[in-house]
Amino acid sequence: MTSMREAVAGGKVLVSDGGWGSFLVARGMKPGECPEFWCISHPAEVGEIAAMYAEAGADIVMTNSFGGTTFKLSHYGLAERAAELNAAAARLSRAAAGPDRHVMASMGPTGKILMMGDVTEAELYAAFREQAVALEEGGADACSVETMSALDEAATAVRAVRENTGLEVVASFTYDSRSPSGWRTMMGVSPEQAAEAMLEAGAHILGANCSLGSAEMAEVAAALRAAAPGTPILVHPNAGRPVQHDDGRIEYPETPEIMASATARLVAAGANIIGGCCGTGPEHIRAIRAAVDAL
Ligand SMILES: [Zn+2]
């Protein structure tokens with residue numbers, strides 16, 4: 001299989017997948033349960049989510065491994081099962097994706113802050129190395145170090161992936177506030193800073209996911225494109241900013257049609273890989289697929 005960056009270099013726009021968490025909940029996952037444990041306790045349900053995205057036309061299917069570092073799993077007493085859970089996550093997505101789609105494994109933040117002395121860099125590195133090695137062993141060909149807000153944690157994760165696996169690696173940050181000089185993560189990181197530090201750490205692809213809807217995400221894509229003219233860019237916008245109703249229900253405003261209509265704008269801004277994050281599902285991906293095919 002050609003790598004994602006080779007496909008992008010050949011002029012392709014790739015379609016990635018959408019949200020996972022709400023579909024686990026829809027299949028019966030209760031508050032307080034460990035999502036990654038579902039790879040072992042409910043493999044059929046997890047596999048169904050991956051299959052749903054493959055069927056919707058995604059070129060790239062992710063994995064149920066966002067909280068798969070030992071740090072996150074330790075909240076559930078599952079730290080010692082990190083390798084087993086991550087390998088299972090990758091196997092389920094590979095089985096659903098088949099040999100011709102990418103399995104891009106999800107690697108989320110640990111919840112520990114290096115700057116605060118919560119953890120050492122060596123401990124973070126070891127956790128990301130264990131996760132990445134298991135994801136590759138389970139059949140992933142790529143991974144996304146995603147929803148990151150701190151440069152040092154993301155750089156440690158990217159190095160752990162590059163130095164211990166052959167996975168193609170995306171470094172994707174979550175930009176959630178607009179300063180006078182552009183978008184910033186919760187830790188104050190700009191797209192320009194992320195681009196420089198992640199390329200230095202060895203990332204193949206730069207990305208942005210979560211928090212922003214399509215229109216704001218196009219601004220982030222443009223900033224990343226300007227900072228790294230030759231690097232593929234992935235965006236996974238949310239289905240807009242969630243609206244909370246009086247009855248407590250949370251609704252995401254961007255329909256599949258709205259997100260699909262933003263595809264050309266995201267591509268014009270510099271995005272090469274387009275999927276979705278919170279509030280998106282297979283119908284969003286199906287609509288984005290059609291929009292990409294029509295470009
Ligand atoms: Zn999200």
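No lab work stands behind these numbers, since they all come straight from the coordinates. Since we're looking at a predicted model, the values are computed, not measured. Cβ atoms come from the backbone with ideal geometry, glycine included; neighbour counts cover every protein chain shown.
Under the simplified labelling scheme, the residue 226-residue 152 pair shows an inter-label distance of 2.9 nm, with each label point 7 Å from Cα along Cα→Cβ. Normalised by 2.2 N^0.38 Å, where N is the number of residues, the C-alpha radius of gyration of segment 1-140 stands at 1.07.
Given contacts defined as C-alpha pairs under 8 Å and at least six residues apart, what's the relative contact order of segment 121-249, whole-number percent? Normalised by residue count, the contact order of segment 121-249 is 22 percent. For segment 152-202, the Kirkwood estimate of hydrodynamic radius, built from reciprocal distances between every pair of different alpha carbons, is 11.6 Å. Mean residue ellipticity, 222 nm, helices only, the chain: the sum of -39500 (n - 2.57) across DSSP H runs of n ≥ 4, divided by residue count and rounded to 500, is -13000 deg cm²/dmol.
Most simply put, the chain has about 20% antiparallel DSSP beta bridges, counting only bridges with both residues inside it. The Kirkwood hydrodynamic radius of the chain, based on inverse pair distances between different Cα atoms, is 18.7 Å. FRET efficiency for residue 164 and residue 265, Cβ-Cβ distance as r, R0 = 35 Å, nearest 0.05? Calculated value: 0.40. Among 84-95, 44-55, the peptide with the highest mean count of other Cβ atoms within 10 Å heads the list, and the full ranking is 84-95, 44-55.
When +1 charges are put on Lys and Arg Cβ atoms and -1 charges on Asp and Glu Cβ atoms, the dipole computed for segment 84-191 relative to its Cα centre reaches about 300 debye. Dipole orientation for the chain: of the candidates 203, 40, 183, 183 has the Cα lying most toward the positive pole (charges on Cβ; Lys, Arg +1; Asp, Glu -1). Structure remark: mean-square fluctuation, Gaussian network model of the chain, C-alpha springs under 10 Å; the largest value among 242, 253, 31 belongs to 31. Fraction of C-alpha pairs exceeding 14 angstrom in segment 32-81: 54 percent, rounded to a whole number. When you count the other C-beta atoms within 10 angstrom of each residue and take the mean per peptide, 58-64, 189-195 line up highest first as 58-64, 189-195. Value of Rg to Rh for segment 63-124, rounded to two decimals, is 1.07; Kirkwood radius and Rg both from alpha-carbon coordinates. Averaging sequence separations of C-alpha pairs under 8 Å and six or more residues apart, then dividing by the length of segment 242-295, give the relative contact order as a whole percent. For segment 242-295, the relative contact order is 39 percent. Cut-off 10 angstrom, C-alpha nodes, Gaussian network model of the chain. Which of 148, 187, 107 fluctuates the most? Among 148, 187, 107, the largest GNM mean-square fluctuation belongs to 187. This model, with +1 at the C-beta of Lys and Arg and -1 at the C-beta of Asp and Glu, gives segment 138-295 a dipole about its Cα centre of some 240 debye. Magnitude of the charge dipole for the chain, about its Cα centre and with charges confined to Cβ atoms of Lys, Arg (+1) and Asp, Glu (-1), is about 280 debye. Using alpha carbons only, the radius of gyration of segment 65-175 set against its Kirkwood radius gives Rg/Rh = 0.96. Size descriptors for segment 115-216, from the alpha-carbon set: Rg then Dmax equal 13.8, 44 Å.
Once C-alpha pairs closer than 8 Å and six or more residues apart are averaged by separation and normalised to the residue number of the chain, the relative contact order reads 18 percent. Taking one quarter of the surface of the convex hull spanned by the alpha-carbon atoms of segment 229-295 gives a direction-averaged projected area of 4.8 nm².
Simple spin-label estimate for residue 25 and residue 241 gives 2.0 nm between the two label positions (7 Å along the Cα-to-Cβ direction from each Cα).
Between residue 283 and residue 187, full extension at 0.36 nm per residue minus the direct alpha carbon distance yields a gain of 31.3 nm. Taking amide H positions as modeled 1.01 Å from N, with prolines and chain starts lacking one, the residues under 5 Å from residue 142 and 5 or more places away or on another chain are 103, 105, 168.
Projecting the Cα atoms of 238, 150, 28 onto the charge dipole of the chain, computed from C-beta unit charges around the Cα centre, puts 238 farthest toward the positive end.
Take 213-219, 232-238, 99-105, 178-184 and order them by the average number of nearby Cβ atoms within 10 Å per residue, most first; the result is 232-238, 99-105, 213-219, 178-184.
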